[in-house]
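One structure below.
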Amino acid sequence: MPTRKRTQILGIQVDNVTYEEALSLVEQFIADGRPHLVVTVNPEFIILAREEPSFAQILNGADLALPDGQGLLWAARILGSPLTQRVTGVDTLIGISGLAAEKGYRLYLLGGAEGVAQAAAQQLRHRHPGLDIAGTHAGSPAPKDEDEMVGNIKRARPHILFVAYGAPQQEKWIARNLRDLGVPVAMGVGGAFDFASGRAKRAPVWVQRFGLEWLYRLGHEPWRWRRMLALPRFACLVLRARLGWSTLGKGNMA
């Protein structure tokens, strides 16, 4: 594997990659054949990781940590290690689907509300003719359901597994089962199935460009307001780190 260009933001390592580089790494992971974890880091992830050291360990142990969030680009610039590009989970899922259709890779979609993974699969096949989706299942991140789901995925033999249980459940689920799945690439994708299926609308491009996607989503999903409280906390911690003040959290992360 090539040397990774990484930036540390409040104790969490993030890869400085473009979409093209991310897809190239996925190809290399598949060619390698061993299990690889891909995570999509955003400010909420970093705040969660400060509260849960086990989640921080999973993120920092990932084979690829995508910079998903304008807040990360801002933070990296403030901290003196700029990131090249925001690489979102939704767009990476779509890009990997196109790559899979071209290369003959098989996908498996796990998680989301009942029927959403199946609807996302239908839309992805429509967008990328010839795409081989080996299976879809809503399931649950509960440990009691793991044996059956792992067995189903192993029998389907996908090259890439997308898991949409939300953070940190999806990353913990993958970390517990990655060695047993026999899948070269497993990636947590949060609400990406909702967007891929068309059940949720993404913010206009100009809103994304100005880093206001969080505000757009809050307007359409007001129940998210508690989660959005992580954003001002994240900004304060970044500014404190820039000024050299202590940023230790409950998990004793620097």
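When the GluC sites (Glu not before Pro) in segment 42-133 are filtered for DSSP coil states and for at most 10 other beta-carbon atoms within 10 Å of their beta-carbon, the remaining sites are Glu114.
Of all DSSP bridge pairs formed entirely within segment 6-191, close to 15 percent run antiparallel. Peptide packing for 84-91, 13-20 was compared via the average number of neighbouring C-beta atoms within 10 Å per residue; ordered from the highest value, the list is 84-91, 13-20. Separation of segment 1-36 from segment 156-188 is 16 Å, based on Cα centroids.
Values quoted throughout were computed directly from the atomic coordinates according to the rules given, and no laboratory measurement underlies them. Nothing here was measured: the structure is a model prediction, and the numbers come from that model. Positions of Cβ are backbone-derived with ideal geometry, glycine not excepted, and every protein chain shown enters the neighbour counts.
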